[in-house]
Amino acid sequence: MVLAEFRVANQQRKDSFSIEPSNFPWLREIGDLPSKLSPTYLRQAFLSFFVNFQHRPNPWNALSHKLSPKAVRGLSVFRARCEYCHQATLSMRGYESLPFADWKHWLEAEEKDLVWGAPFYTKTGIKPYVHRAGARVPSLRRVQQKYPYFTNGSSRSLRHLLSRFRHKGLTAWHHYEPQWDQAEAPDAKVLTSDEIDALEELLRFF
């Protein structure tokens with residue numbers, strides 16, 4: 001949305017709008033404003049807000065600034081089963097992933113956040129697909145608070161989500177049907193109970 005707004009501004013389009021604070025009584029609470037807020041004024045205010053804006057800290061991290069031993073075990077499981085799609089990166093616009101050795105530090109830091117996503121589409125069995133290539137890999141940032149999960153809302157808890165997970169090498173499915181032919185999901189494996197426990201604990205820190 002932010003990028004689209006500034007793309008419009010750079011096009012010098014004539015359909016830009018102004019705001020008159022007198023038409024919106026709640027604007028009086030902000031303080032002294034010009035009688036008319038021009039498109040340039042609005043975009044400058046918009047940009048100023050995002051320069052100074054900070055996301056709320058992860059509430060789970062606020063309770064404990066250190067990963068629990070179970071969450072630390074989850075880091076290795078995540079790297080093996082999930083990181084191919086949910087990458088430890090600062091942005092889903094092509095940034096390089098952080099090395100595994102840095103993950104723990106970033107998850108324990110108060111003012112650092114990773115996206116845990118990717119800028120591509122993939123097919124994981126969650127249908128209907130929103131694109132011919134599947135669905136865009138979503139960010140796992142604050143994933144504990146984003147239920148129900150998936151584009152069809154078919155998982156209502158992290159544990160249920162993880163229990164449905166199947167994997168084969170770097171290929172993974174979030175929904176797997178036993179009747180699928182071997183070409184689509186060859187010898188797909190489930191997560192062990194220990195892997196599910198470790199990942200569920202780790203994801204709380206995302």
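The values are calculated or read from the model by the stated rules, or taken from the named source; none is laboratory data. Remember, predicted model here, so these are calculated numbers, not experimental data. All Cβ positions, even for glycine, are placed from backbone atoms using ideal geometry, and neighbour counts span all protein chains on display.
List of remarks:
- Against the numbered list (1) basic (Lys, Arg); (2) without any contact (Cβ under 8 Å) to a residue 24 or more places away in the chain; (3) not assigned by TED's automatic domain parsing to the domain that holds residue 160, residue 112 comes up short only at (3).
- Hits in the range 64-74 (condition: outside any helix (DSSP H, G or I) and free of Cβ contacts under 8 Å to residues at least 60 places away in the same chain): 64, 65, 66
- Residues in the range 47-63 that are part of a helix (DSSP H, G or I) and within 16 Å of residue 146 (Cβ to Cβ): 59, 60.
- Residue tally, condition surrounded by 15 or more Cβ atoms within 10 Å (Cβ to Cβ) and modelled with pLDDT under 90, over the range 181-196: 2
- Selection within the range 25-69: residues that are of a type in the set (S, T, N, Q), exposed (fewer than 10 other Cβ atoms within 10 Å of the Cβ) and closer than 28 Å to residue 106 by Cβ. The member of this set that is nearest to the chain's Cα centre (by Cα) is 54.
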